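All remarks here apply to the structure that follows.
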Amino acid sequence: MSQTPLSSIKSVVIIFNPNSTGDGEKNARRLAAAVRAAGIPAKVVPTTHAGHGKTLAREYAERPTPTMIISSSGDGGYNEVINGVLASKNPDAIVGVLPSGNANDHYHYLHRGNTVRRIVRGDYQKIDVLQMTKGRMVRYAHSYIGLGMTPQIGEVLTKNQLNVFKEAWLVVRHLFTVRPVKIHVHGHTQRYDHLVFSNIARMSKYLKINDAGTMTDGEFEVIKVASGSLLGLLRHLFAAASVGASADDVTDTYQFTCLRDMKIQLDGEVVACKTGEVVTITSCQRKLRTIV
């Protein structure tokens, strides 16, 4: 792990969405008080609209005073923060997430040690992120990018307080409504009910990948479930919720053309993809500095 000397960290800003479910504001204020007690100035900043977290993170990353940027949120709020930092003129700013959402996949997979002590020590780690390019648009994901079932059912899951049984029930209940994605890849037309590019070994709190690499190896896992086999999709979900699902491929780049309009989910954020658009997903090795 790497360390930034305490003297170089002048302040901490904690961003939260006051309109989200969960304890974002309460957790943010509690952490800010603990950081101040440790001798570092800290402030809590609410977002006011969709995408504001990205704007705030970029502004704070570019300030002359070295500022650590924490997101008190779920995976979607944290996605906005990392996109703001990585789009800034200071992509080396240190970020972090305070779990205040539903799944918090990234936090539960990476968390180690006391957050306040790590902030004081400047104890961060460099991790890979997934970069998705579509035309002029460049977006990043800290944990996964998903097509098919992921964005379609993910919205349902984020609106509910989950346990393993409720999550399984909601997933099975909505499987029959999943519309397959149709893409052109490697010279062939493919239809998938479920296509995921994963940077971590856990998704949606209870779904696991049993052969995932590390978040520093410059590669990501590709999980594919072909369209038309409900039994195959159920088999995949059962494995993911128990022993862990197996990846179909490991790579550092994956490119495809959308053959129909679809939605693509990056962590908790969803973007639209139009027919004919070319999407490229790349692993950016050790691009993000994070305290989790």
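Out of Lys89, Lys126, Lys134, which single residue is crowded, with 17+ Cβ neighbours inside 10 Å, over 14 Å from the mean Cα position of the chain (by Cα) and of a type outside the set (A, V, I, L, M)?
Working: Lys89 fails: crowded, with 17+ Cβ neighbours inside 10 Å; Lys126 fails: crowded, with 17+ Cβ neighbours inside 10 Å.
When all the criteria are applied, what remains is Lys134.
Taking the condition within 22 Å of the chain's Cα centre (by Cα), at negative phi and part of a strand (DSSP E or B), does Ile82 pass? No, not satisfied. Between Thr48, Thr55, the distinction of being assigned to a helix (DSSP H, G or I) and farther than 20 Å from Val292 by Cβ belongs to Thr55 only.
Mind listing whichever residues of segment 254-267 are out of contact with any Pro (no Cβ under 6 Å at 6 or more places or on another chain), assigned to a strand (DSSP E or B) and under 18 Å from His142 (Cβ atoms)? Walk me through it before giving the result.
The first filter runs over segment 254-267 and keeps only residues out of contact with any Pro (no Cβ under 6 Å at 6 or more places or on another chain), leaving 254-262, 264, 266-267.
The next check asks that each one be assigned to a strand (DSSP E or B); those that pass are 254-258, 262, 264, 266.
Selection gives Tyr254, Ile264, Leu266.
Residue pairs whose Cβ atoms lie under 6 Å apart, separated by 6 or more positions or on different chains, with the first residue in segment 177-188 and closer than 15 Å to Gly148 by Cα and surrounded by 15 or more Cβ atoms within 10 Å (Cβ to Cβ) and the second modelled with pLDDT of 95 or more and among the polar types (S, T, N, Q), are Ile183/Gln190; His184/Thr257.
Only residues that are buried (at least 21 other Cβ atoms within 10 Å of the Cβ) and not in a strand (DSSP E or B): list them for segment 14-31, please.
If we filter segment 14-31 for residues that are buried (at least 21 other Cβ atoms within 10 Å of the Cβ), which is where we start, we get 14-17, 24, 28, 31.
The answer is Asn17, Gly24, Ala28, Leu31.
The values are calculated or read from the model by the stated rules, or taken from the named source; none is laboratory data. In this text the structure is predicted, and so the values were computed from the model without any measurement. Cβ sites come from the backbone with ideal geometry, for glycine too, and all protein chains shown count toward neighbours.
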